[in-house]
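The structure appears right after this line, and notes come after that.
The values are calculated or read from the model by the stated rules, or taken from the named source; none is laboratory data. Because the structure is a prediction, the values reported are computed rather than measured. Here the Cβ positions follow ideal geometry from the backbone for every residue, glycine too, while neighbour counts run over all protein chains shown. These area figures cover heavy atoms from the full protein model, side chains too; ligands, DNA and RNA do not enter into them. Shrake-Rupley method; radii C 1.70, N 1.55, O 1.52, S 1.80 Å.
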Amino acid sequence: MPAIWASLGDDPPGDVILRVAHRGSVATDLQSLSTPAGPLHLWAAHHDGSDHPGPGTLASSRNWIIFDGVLYNRAELDEWIGDARVDSDALRVLFLFERGDVEGFARLTGMFAFVIWDGEHKRLHAVRDRFGMKPLYVYWHGKGIAFASEMKQFFALPDSQSRLDHDACFDFLVSGLTDHGERTLFADVQRIPAGARLELDMNEWRPGAALPACRRWYELPPAGSLVLDEPSAAEGFRGLFMQAVSSQWRETGPRGLCLSGGLDSSAIAGVLALNHGDDALVTFKACFGDPVYDEPELLRSVLARCRGSSHVTHTGPLDPFRVMDRLVWHMDEPFGRASLAAQWMLFELAASHGIRATLDGQGADEQLCGYMSMVQEHRLFMAGESVADAHGDMSSRSSLQFHGHATGFGCFVSAWRERLNARFSRAIIGAKSLGELCRERMFHGDLPMMMRHNDRIGAAHGIQTHVPFMDHRLVEYSIALGNLHKLRGDETKLLLRRALHDVLPQALLDHRGKGSYSALEATWLRGEGRAALRSAVLDTVRDWTQLFSEAGIILALTPPAVDDKEQLMLLWRIACFGCWARRFDVSY
């Protein structure tokens, strides 16, 4: 999990790498190159002896790369490249660039972020993988520009300021959303979007000038562009899924599987038991002391098919407050769900067992219609109704929920209430079919946030996270099927159930859904966590009088308002926002 840095301007202080020492870096390489726009500094931190070296050259000294990520199709690439000197993922990418410019990146299967300096043409390329599984940010300021793996690196620069981006703040506080666009909660920091690249021509661009727009290098196929009957579709899905699991399981180092108790992670467990039965499978499960969420019977039915060991961690109502400060530091932004504490504690447990890589089950819900909100919207599509609102295309929660919750705006000062109402009155027409909705959710809503959470929490504990459902070949197949084979009555993720019917326990195949984590969080915040929530929210209000109305907050903290689930989720976001703003010394 290398941490990368590229900057134009003054020499960067060593702290830009030290701030991400948690990514496990033990060696650094600094290269300073001359460009028409000024000195360019490339600084990569990496593991000694890993497959992820820092800046490297191939064929000439003119081109340099800094790289973070993992490629899963190395054998295929090496056969195509035919050069034994190309023996690392970074050099594989650089070779493709030198042979075919950015078009060669379509050959890559994996998760990655990198910056390439093209010394011949004097251009800088910043590129991010198809679904944003590896982070890459850009910080623009009057004296130059910088690229980094994590936003906290930028604030080690002299004279840097952590200022609040108001629009991104709106989206987080009201909807709990981050990662759905280029903006971050820091005003001068933007993310390179998933499947996009930023190119700077140093013959023309100069410090202080506006940045060119990011351009997409990857698009999913149109929904409905592939038509197959159910048996054929299930057979194709099965082959691609097994290929994805096997290619990611081959990564070196002690490995484990994160189990949720649901269909998706259990499907990974089933494939590993079927195709890699000689490997001892080490599993990790977050538990909450409630059978609705722990699902012990389903868990036992999955583990009965696997050879290995199982470990659980227990998360309670006060744990989110206990780990909040550490989480916001590693996340770089506040997070909208208190249950994220369970993932943090799960990786603490995995690290204590020496695990260095995990497989996780995210991504299936979005491409295969696994959320009940998607089922509800599909029923609207079938009834000939359209779903239109300002954030309906961004969240796994039903877009219907956003209407009628303007009462929560009373927590804000009057100037912000006016701006929020104006923002939410602008209707956006999103998807018009289930297939389009699945396609849209791959880039908007909860999934981009989950990919960042995976990377950051894993890196904080020295663990590389792998997500088989996000293999681009599998995603493209699922999305191209459009509406087909995803939903039948109340049976969601139909294609997955049919494709893996022989590797999943019957109890799990018959199971329909699991407990809502938002309901669990609301139970925490109404009960044992209520005093901690109240204290954290009031601390935030005192720090941010420009945003929050103390009278409105007091009303929101008083029954019956405080017992409403949506109100509690808003109060949690306010508390987490305050913790983040203090941790990063954010100004209005």
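Filter region 245-296 down to residues that are of a type in the set (Phe, Trp, Tyr), under 22 Å from the mean Cα position of the chain (by Cα) and part of a loop (DSSP other than H, G, I, E, B), then give me how many there are. Going through region 245-296 one residue at a time, the tally reaches 0. Take the conditions part of a helix (DSSP H, G or I), modelled with pLDDT under 95 and in contact with a strand residue (DSSP E or B) (Cβ under 8 Å, 6 or more places away or on another chain) and apply them to Leu400. Does it pass? Considered against the rule, which asks whether it is part of a helix (DSSP H, G or I), modelled with pLDDT under 95 and in contact with a strand residue (DSSP E or B) (Cβ under 8 Å, 6 or more places away or on another chain), Leu400 comes out as no. Could you check Leu42 against (1) outside any loop (DSSP other than H, G, I, E, B); (2) surrounded by 22 or more Cβ atoms within 10 Å (Cβ to Cβ); (3) modelled with pLDDT of 95 or more and say which number it fails? Every listed condition holds for Leu42 apart from (3). Once region 252-261 is narrowed to residues that are open to solvent by 10 Å² or more (accessible area, probe 1.4 Å) and small (Gly, Ala, Ser), the residue that is modelled with the lowest pLDDT is Gly253.
Annotation: Phe584 fulfils all but one of (1) closer than 15 Å to Ala532 by Cα; (2) open to solvent by 10 Å² or more (accessible area, probe 1.4 Å); the unmet one is (1). Which of the numbered conditions does Lys134 fail, given that it passes all the others? Conditions: (1) in a loop (DSSP other than H, G, I, E, B); (2) basic (Lys, Arg); (3) open to solvent by 10 Å² or more (accessible area, probe 1.4 Å). Going through (1) in a loop (DSSP other than H, G, I, E, B); (2) basic (Lys, Arg); (3) open to solvent by 10 Å² or more (accessible area, probe 1.4 Å) one by one, Lys134 breaks only (3).
Residues checked against (1) exposed (fewer than 15 other Cβ atoms within 10 Å of the Cβ); (2) at pLDDT 95 or above; (3) among the hydrophobic types (A, V, I, L, M, F, W, C); (4) closer than 23 Å to Gly354 by Cα:
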residue	(1), (2), (3), (4)
Ala234	no, yes, yes, no
Ser246	no, yes, no, yes
Arg250	yes, no, no, yes
Lys285	no, yes, no, yes
Tyr293	no, no, no, no
Leu303	no, no, yes, yes
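Taken over region 155-192, residues that are within 23 Å of Arg417 (Cβ to Cβ) and assigned to a strand (DSSP E or B) amount to 3.
When Val189, Val227 are screened for being β-branched (Val, Ile, Thr) and open to solvent by 40 Å² or more (accessible area, probe 1.4 Å), only Val227 passes.
Look at region 149-163 and say how many of its residues are charged (D, E, K, R) and open to solvent by 10 Å² or more (accessible area, probe 1.4 Å).
Going through region 149-163 one residue at a time, the tally reaches 2.
Any residue at all in region 499-519 that's in contact with a strand residue (DSSP E or B) (Cβ under 8 Å, 6 or more places away or on another chain) and more than 29 Å from Gln567 (Cα to Cα)?
no
Within the set Arg197, Arg238, the sole residue that is in a helix (DSSP H, G or I), touching a residue at least 24 places away in the same chain (Cβ under 8 Å) and either of a type in the set (D, E, K, R) or surrounded by 12 or more Cβ atoms within 10 Å (Cβ to Cβ) (or both) turns out to be Arg238.
The residue that is farthest from His314 (Cα to Cα), counting only those in region 524-568 that are crowded, with 17+ Cβ neighbours inside 10 Å and hydroxyl-bearing (Ser, Thr, Tyr), is Ser549. Selection of region 159-188 for residues being over 17 Å from the mean Cα position of the chain (by Cα) and within 20 Å of Leu136 (Cβ to Cβ) yields Ser160, Ser162, Asp165, Phe186, Ala187, Asp188. The residues listed here are Ala126, Ala146; of these, the one that is surrounded by 22 or more Cβ atoms within 10 Å (Cβ to Cβ), modelled with pLDDT of 90 or more, in contact with a Cys (Cβ under 9 Å, 6 or more places away or on another chain) and closer than 21 Å to Arg206 by Cβ is Ala126. Looking across region 510-523, the residues that are open to solvent by 60 Å² or more (accessible area, probe 1.4 Å) and not hydroxyl-bearing (Ser, Thr, Tyr) come down to Asp510, His511, Arg512, Lys514.
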